[in-house]
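Accompanying notes for the structure given below.
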There are 2 protein chains.
Amino acid sequence: MAVSGSAVNPVVDKYSVGEGMCPYRLVLEHVTSRWGVLVLIELRERPYRFSELRRAIGRVSEKMLTQTLQTLERDGLVHRDAKPVIPPRVDYSLTDLGREAAEQVLALALWTEQRMDAVEKARRAYDEARS
Amino acid sequence: MAVSGSAVNPVVDKYSVGEGMCPYRLVLEHVTSRWGVLVLIELRERPYRFSELRRAIGRVSEKMLTQTLQTLERDGLVHRDAKPVIPPRVDYSLTDLGREAAEQVLALALWTEQRMDAVEKARRAYDEARS
C-alpha cells in the first residue's frame with residue numbers, strides 16, 4: 001500500500017498486507033454489529049439485568065442477545081456478574097475497555113444519525129440521475 | 001427505554017422505539033463493512049483510480065470493490081469522477097461528508113487495533129475459565 005502517512009497509521013499498515021481478516025477486524029465487527037452497538041450504548045448508562053436489557057433494546061430475541069453478550073464478554077468489553085441468590089440474578093455491565101468501545105461506537109452512531117439528512121439527499125440525487 | 005441521559009442521546013432514543021432498522025443503521029453498516037472501512041481509510045490520503053485502489057486494498061474482488069464504491073457514492077460519501085478521456089479514467093475521492101465518516105471510522109479502527117492485546121488477554125481468560 002505504502003500511502004503517505006501510513007507510517008503513523010497502523011490500521012492501514014495492517015490492512016496493507018492484504019489480510020482480509022486481521023484479528024482486530026473481528027472486534028470491529030462485534031462492536032458495530034446490530035445488537036453489539038445497542039448493548040454497548042445501553043450499558044453506558046448503568047448495569048442491567050438480562051431481561052431488563054432485553055426490554056430496553058427491544059425486538060431482540062433471547063438467543064441473539066445471549067450470543068451478543070457472550071461475544072462482548074469474551075472480548076473483555078462486558079462483565080457478567082451472576083449473583084448467588086434465589087431466584088438467580090445476572091447483571092451485565094461495561095468493563096473499562098467496554099466503556100472505551102462504547103464511547104467510540106456512540107460517536108460513530110451519533111455522527112451517522114446527525115448526517116442522515118445529507119445522506120438521504122445524496123441518495124435522492126444519485127437515484128434521480130439514474131432514473 | 002427511557003434511560004437517564006437519553007434526552008441528550010438521539011441514538012438511544014431512535015433505537016428505543018425498537019426499530020431494528022432505523023435509516024441510519026444502514027449507513028453505519030456501510031461505513032463499518034469490511035471493504036467500506038478500507039475504502040474510507042485509503043481515500044483519506046488522496047483520490048485513487050479504481051485499479052489503483054484495488055491494488056492498495058488487496059484481496060478485494062473487482063465486483064466487491066465496485067459494489068462498495070457504488071454504495072458509498074450513493075450515500076454521498078465517495079465522489080466518482082469519470083474523465084472523458086481515452087482510455088477511460090475514473091477517479092474516486094472522499095466528499096466532505098465522506099471525510100467526516102472516514103475520521104470516525106479510523107478512530108474506531110485505531111482504538112480496536114490499539115486494544116487488541118487487552119481483548120486477546122480477555123479471550124484467553126474467558127476460554128480458560130470454561131475449559
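Does residue A:112 count as more than 7 Å from chain B (Cβ to nearest Cβ), surrounded by 14 or more Cβ atoms within 10 Å (Cβ to Cβ) and within 25 Å of the chain's Cα centre (by Cα)? Quick ask: steps written out before the conclusion?
On the way: more than 7 Å from chain B (Cβ to nearest Cβ): no; surrounded by 14 or more Cβ atoms within 10 Å (Cβ to Cβ): yes; within 25 Å of the chain's Cα centre (by Cα): yes.
The answer is no for residue A:112.
Listed here are the residues, each with its yes/no results for (1) in contact with a Lys or Arg (Cβ under 7 Å, 6 or more places away or on another chain); (2) in contact (Cβ under 8 Å) with a residue 12 or more places away in the chain.
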| residue | (1), (2) |
| --- | --- |
| B:35 | no, yes |
| B:45 | no, no |
| B:80 | no, yes |
| B:97 | yes, yes |
| B:113 | yes, no |
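Of the conditions (1) within 12 Å of the chain's Cα centre (by Cα); (2) buried (at least 17 other Cβ atoms within 10 Å of the Cβ); (3) at pLDDT below 95, residue B:57 fails just one. Which one is it?
(1)
Do we find that residue B:46 is surrounded by fewer than 16 Cβ atoms within 10 Å (Cβ to Cβ), out of contact with any Leu (no Cβ under 9 Å at 6 or more places or on another chain), within 7 Å of chain A (Cβ to nearest Cβ) and basic (Lys, Arg) in this structure?
On the way: surrounded by fewer than 16 Cβ atoms within 10 Å (Cβ to Cβ): yes; out of contact with any Leu (no Cβ under 9 Å at 6 or more places or on another chain): yes; within 7 Å of chain A (Cβ to nearest Cβ): no; basic (Lys, Arg): yes.
Judged against the criteria, residue B:46 is not a match.
Any idea which residue in region A:59-109 is nearest to residue B:114 (Cα to Cα), counting only those that are away from chain B (no Cβ under 12 Å) and touching a His at 6+ places or on another chain (Cβ under 9 Å)?
Among those that are away from chain B (no Cβ under 12 Å) and touching a His at 6+ places or on another chain (Cβ under 9 Å), it is A:94.
Do the conditions hold for residue A:72, that is, is it hydrophobic (A, V, I, L, M, F, W, C) and in contact (Cβ under 8 Å) with a residue 24 or more places away in the chain? Give the steps one after another, and end with the answer.
On the way: hydrophobic (A, V, I, L, M, F, W, C): yes; in contact (Cβ under 8 Å) with a residue 24 or more places away in the chain: yes.
Judged against the criteria, residue A:72 is a match.
Of all residues in region A:66-96, how many are assigned to a helix (DSSP H, G or I) and farther than 15 Å from residue A:47 by Cα?
Looking only at region A:66-96, we keep the residues that are assigned to a helix (DSSP H, G or I), and these are A:66-74, A:96.
Subsequent filtering for residues that are farther than 15 Å from residue A:47 by Cα retains A:66-68, A:70-71, A:74.
Selection size over region A:66-96: 6.
The values are calculated or read from the model by the stated rules, or taken from the named source; none is laboratory data. Not measured: the values here are computed from a predicted model. So basically every Cβ, Gly included, is an ideal-geometry build from the backbone, and we count neighbours across all protein chains shown.
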